[in-house]
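The structure under discussion appears below in the form of C-alpha cells.
The values are calculated or read from the model by the stated rules, or taken from the named source; none is laboratory data. Because the structure is a prediction, the values reported are computed rather than measured. Here the Cβ is made from the backbone with ideal geometry for all residues, glycine too, and neighbour counts use every protein chain on show.
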Amino acid sequence: MKIVLKGVISGLGRLLSVEIPQGSVILVTGAEGTLKSGLVFSMISNYLAADGGHGLYVTLEQTKESHFKNMISLGLKKSDNLQIFDYRDMRREWRDCDLDMIKLTDEVIDFYRDKHNDLTFFALDSLNALYSLSEESNLRMQMYHFFSNLRERGLTSFLIMEVPPLKNPGQFQDRNRPEHFLADGTIELGVIEDKGGVKRYIQISKMRAAKHAMEKHQLMVDENGINILGPIY
C-alpha cells in the first residue's frame, strides 16, 4: 500500500513525484527554526483531514499545549484525528526512576493502536530528546529494533532530529549516524542567505522506493500554511 503525500503540502509534488510505501520511516533533520515540527505536523494533519485514519504526534521537548500553540502561531490547522501526547505526567509520577524511554514510546504507540485500529501515522519530536533520556549502552541496537517495530506496525513515521546549522551551502550533514542508515527517507530543512535575503529550504536527500527531486526548494509560511516553491538555485 502507498501513502499519497505529495498533495498534502502545497508544492510538495515538485519534490515527490510518486507515493511512498506505507510503513516508511522518514528522518526530518535541520537546525533550530527550520520548520521541522511545522512541516511534519502539517503533512500529517492535512492527510488525515482529507483521507481519514488517525495519527499520533509524540512530543518530548514541549507540553502538548505549548506545541499546539506554536502550530497555531504558524497558521497550521490540526485534524481532529491527530492525537498529541507528551510525557509530562509520566515524568512527574516516575521522576525518581530511570525510565526506558524507547520501550515506553513503543508502549504509548501500542496504547493508541488499540484505541484507534486505523492508526496510520506516527511522529516523534524529537530523536535528540529520546537519545538524551535513553541509556547510552547498546543504543544502536535499541534504535534498530525501534525502527523495525514502526515498520512492522505499518506506521508511516516521521522522526524529527535537530542538527547544527550548515556553515555553507555546499556542506552536507553527517550521515554516518545509525538513524541515517536505518531510515527509509531523509528530508533536510535549512536556511540559506544570499543576495536575495534569507530563505528557508527543503531537500529530499533519500526516499527509498519513491522518485524524488534532489534540488533544494524554497520553503515558505503564509496565511495558507506551509508552501514549497521552486528550486533555490
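Being closer than 19 Å to Ile20 by Cβ, outside any strand (DSSP E or B) and at pLDDT 85 or above, is that true of even one residue in the stretch 187-203?
Here is the first cut: in the stretch 187-203, the ones closer than 19 Å to Ile20 by Cβ are 187-189, 202-203.
With outside any strand (DSSP E or B) added as a condition, the list becomes none.
No; the residues of the stretch 187-203 include none that is closer than 19 Å to Ile20 by Cβ, outside any strand (DSSP E or B) and at pLDDT 85 or above.
Is it the case that some residue within the stretch 18-25 is more than 19 Å from Asp222 (Cβ to Cβ), β-branched (Val, Ile, Thr) and buried (at least 21 other Cβ atoms within 10 Å of the Cβ)? Steps first, please.
Keep residues of the stretch 18-25 that are more than 19 Å from Asp222 (Cβ to Cβ), which gives 18-25.
If we keep only those that are β-branched (Val, Ile, Thr) too, we end up with 18, 20, 25.
Okay, now just the ones that are also buried (at least 21 other Cβ atoms within 10 Å of the Cβ), so 20, 25.
Yes, the conditions are met somewhere in the stretch 18-25.
Within the stretch 6-38, count every residue that is hydrophobic (A, V, I, L, M, F, W, C), part of a loop (DSSP other than H, G, I, E, B) and under 13 Å from the mean Cα position of the chain (by Cα). Walk me through how you get there before you give the answer.
To start, the set of residues in the stretch 6-38 that are hydrophobic (A, V, I, L, M, F, W, C) comprises 8-9, 12, 15-16, 18, 20, 25-28, 31, 35.
Subsequent filtering for residues that are part of a loop (DSSP other than H, G, I, E, B) retains 8-9, 15, 18, 31, 35.
Remaining after also requiring under 13 Å from the mean Cα position of the chain (by Cα): 35.
Count: 1.
Where the second residue is in a strand (DSSP E or B) and the first is under 15 Å from Gly33 (Cα atoms) and lies in the stretch 56-81, which pairs have Cβ atoms under 6 Å and are six or more apart or on separate chains?
Note: pairs meeting the criteria are His67/Thr59; Leu74/Val221.
What pairs come up if the first residue lies in the stretch 25-54 and is within 17 Å of His116 (Cα to Cα), the second is of a type in the set (Phe, Trp, Tyr) and in a strand (DSSP E or B), and their beta carbons are under 6 Å apart, counting only those six or more places apart or on different chains?
So the pair list comes out as Ile44/Phe121.
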